[in-house]
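First up is the structure itself, then whatever we jot down about it.
The values are calculated or read from the model by the stated rules, or taken from the named source; none is laboratory data. Computed from a predicted structure; not experimentally measured. Cβ placement follows ideal geometry from the backbone for every residue including glycine, while neighbour counts extend to all protein chains displayed. For accessibility, only protein heavy atoms count, side chains too; no ligands or nucleic acids. Shrake-Rupley method; radii C 1.70, N 1.55, O 1.52, S 1.80 Å.
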Protein chains: 2
Amino acid sequence: MTTALRSVAPVAERGEKQRLTARDWEEGALDLMADEGVAAVAVETLAKRLGVTKGSFYWHFSHRDALIASTLKRWEEYDTHNAIARVESIENPGVRLREIFRLTARDVRSHRIYAALLKAADHPVVAPVMERVSKERMDYLARVFEQAGMDPVAAVHRARLAYSAYVGFLQLTLQFRSTRLSQEGYEEYLEHMIDTLIPAA
Amino acid sequence: MTTALRSVAPVAERGEKQRLTARDWEEGALDLMADEGVAAVAVETLAKRLGVTKGSFYWHFSHRDALIASTLKRWEEYDTHNAIARVESIENPGVRLREIFRLTARDVRSHRIYAALLKAADHPVVAPVMERVSKERMDYLARVFEQAGMDPVAAVHRARLAYSAYVGFLQLTLQFRSTRLSQEGYEEYLEHMIDTLIPAA
DNA sequence: AAAAGTCCATACGGAAGCGTATTGACTCCT
DNA sequence: AGGAGTCAATACGCTTCCGTATGGACTTTT
């Protein structure tokens, strides 16, 4: 079930007066989340963006949280699957770790969504998803660190450290203008991080 | 001006029917922020907590954002001053770094406030404060890393890495139950982080 | 003691959200 | 053609905030 998160054509491309599906609302919700956070995903706001009114929304969803939950479910499936799939072919653990770190740089939209969800971690619908995702990724990292030669205890700590660095970097980079990096500054930082956190191959 | 953030006695201790000052409102705002985030700092909510009504609030402050701004100002003065003051007496840079990392563990309320502010970093009043604070602390860290023997470029990167790890750790620890650590697990992690990020003394 | 200043209560208006109820329009099936 | 099902528009009530207006009580000043 490798359903791409963007497999449906944007509404605009499908003729102006098309009817909407639940999926369209979810895509719109993801866009809004990426741009302005979970709190900005309001029914009427979203309806205006999609060119319809609330009447449509409450046909597809029973209430707002149902949209949030449904949206997060699709995001979780896509995002974790996608993240791991891109590096599973690399057999050398050290190289794989480096690739993970480098790849986590590209997909900007994905990061924006992730950052938005982090900020909404007190929301009862969001919290369990983020707990699950964070734990899975840290566990995965720990396994790879161990495969790369670290002892099990150190691997767990290093995974937490690396993941914390990722989460914190998202905050600092996406939220604060003054702490942003230039393109080359970013590449430099990335290499520094890799050298610091990944045991030498 | 080392005014402690808690130098005023709690309202309850000062006799029941005492009048309030702007400072009382700011303290209440900090408490609310630590507990439920910046968004939870609503005028009427806070008034109820303090045992008065809105009428009082709009005597002391012109509008809600004025309270937020005023509260952040006092927090910034206290928090950064306090954070640096506690370690400035240590002259050995490596040892000082270790102390910084270890001390940043204790003051729980301070962390909760910091985490709440991070999550509200899109708020126009909060953003500039957090940008300033983050930049200052990263710059400070970079200087100490350099004093500890790293070359200037590496020191800047390492400072960013360490600060990101701190910010990310706050998120993971304070928000997600499942990613929390036991007391000794925490100490272990801390030492692992110190060994990984601080050059050997 | 009278006046001025300080702090709070109460009542009100208005904006944003959520969710419901009802009706309309359009499509598809029989 | 007529009915069933699908999607959307409109209008409404409800809650939760913000901010204003006004008056009362208590304290300090003169």
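In the complete set of protein chains, residue-level accessible area for B:HIS157 is approximately 20 Å², probe 1.4 angstrom.
When the solvent-accessible area of the range B:11-64 is split by element, carbon and sulfur atoms take up 51 percent of it, the probe being 1.4 Å. Dividing the summed helix terms, -39500 (n - 2.57) for each DSSP H run of n ≥ 4, by the number of residues in chain A produces a 222 nm estimate of -22000 deg cm²/dmol to the nearest 500.
Comparing A:GLY168, A:GLY185, A:GLY94 in a Gaussian network model of chain A (Cα springs below 10 Å), the most mobile by mean-square fluctuation is A:GLY185. Have a look at A:ARG19, A:ARG64, A:ARG96 and tell me which one the Gaussian network model of chain A (Cα, springs below 10 Å) gives the largest fluctuation. Of A:ARG19, A:ARG64, A:ARG96, the Gaussian network model singles out A:ARG19 as fluctuating most.
The loop-placed trypsin sites (Lys or Arg not before Pro) in the range B:146-201, going by DSSP, that have at most 16 neighbouring Cβ atoms within 10 Å of their Cβ come out as B:ARG180. With a threshold of 31 Å on the Cα-Cα distance, the over-threshold entries among A:LYS135/B:LYS48; A:LYS119/B:LYS135; A:LYS73/B:LYS54; A:LYS48/B:LYS119 are A:LYS135/B:LYS48; A:LYS73/B:LYS54. In a DSSP loop and with at most 12 other Cβ atoms within 10 Å, there are no GluC sites (Glu not before Pro) in the range A:127-168.
Here each label is just a point 7 Å from Cα along the line to Cβ, and for B:TYR140 and A:LYS54 those points are 4.8 nm apart.
For the range A:16-70 versus the range A:135-197, the inter-centroid distance based on Cα atoms is 34 Å. Three semi-axes describe the equivalent ellipsoid of the range A:19-64; taken as square roots of 5 times the Cα gyration tensor eigenvalues and ordered largest first, they are 16, 10, 10 Å.
For A:TYR140, the label point sits 7 Å beyond Cα toward Cβ; its separations from the matching points on the remaining copies run 3.7 nm, from shortest to longest.
Phi angles of the range A:175-185 translate, via the Karplus equation with coefficients 6.51, -1.76, 1.60 and θ = phi - 60°, into HN-Hα couplings of 9, 10, 5, 6, 9, 6, 10, 6, 4, 6, x Hz per residue; Gly and Pro are given as x. How large is the Kirkwood hydrodynamic radius of the protein assembly as shown, counting all unique pairs of alpha carbons, in Å? After inverting the pairwise mean of 1/r, the radius is 23.2 Å.
Couplings 3J(HN,Hα) for the range A:101-111, derived from phi with the Karplus relation 6.51 cos²θ - 1.76 cosθ + 1.60 (θ = phi - 60°), are 4, 6, 6, 5, 8, 5, 4, 5, 4, 4, 5 Hz, where x marks Gly and Pro. Most mobile of A:VAL126, A:VAL52, A:VAL144 per a Gaussian network model of chain A (Cα springs, under 10 Å)? Its mean-square fluctuation being the largest, the pick is A:VAL52.
Sorted from closest to farthest, the other copies place their B:THR53 label points 3.8 nm away, with each point set 7 Å from Cα along Cα→Cβ.
Along the Cα-to-Cβ line of A:THR45, 7 Å from the Cα, sits a label point; which residues in the range B:121-150 have backbone N less than 19 Å from it? Those under the cut-off are B:121-127.
In the range B:11-64, taking the dipole from charged Cβ atoms about the Cα centre, the farthest positive-side position among B:PHE61, B:THR45, B:LEU30 is held by B:PHE61.
Phi angles of the range B:117-128 translate, via the Karplus equation with coefficients 6.51, -1.76, 1.60 and θ = phi - 60°, into HN-Hα couplings of 5, 4, 5, 9, 5, 8, 5, x, 7, 6, 3, x Hz per residue; Gly and Pro are given as x.
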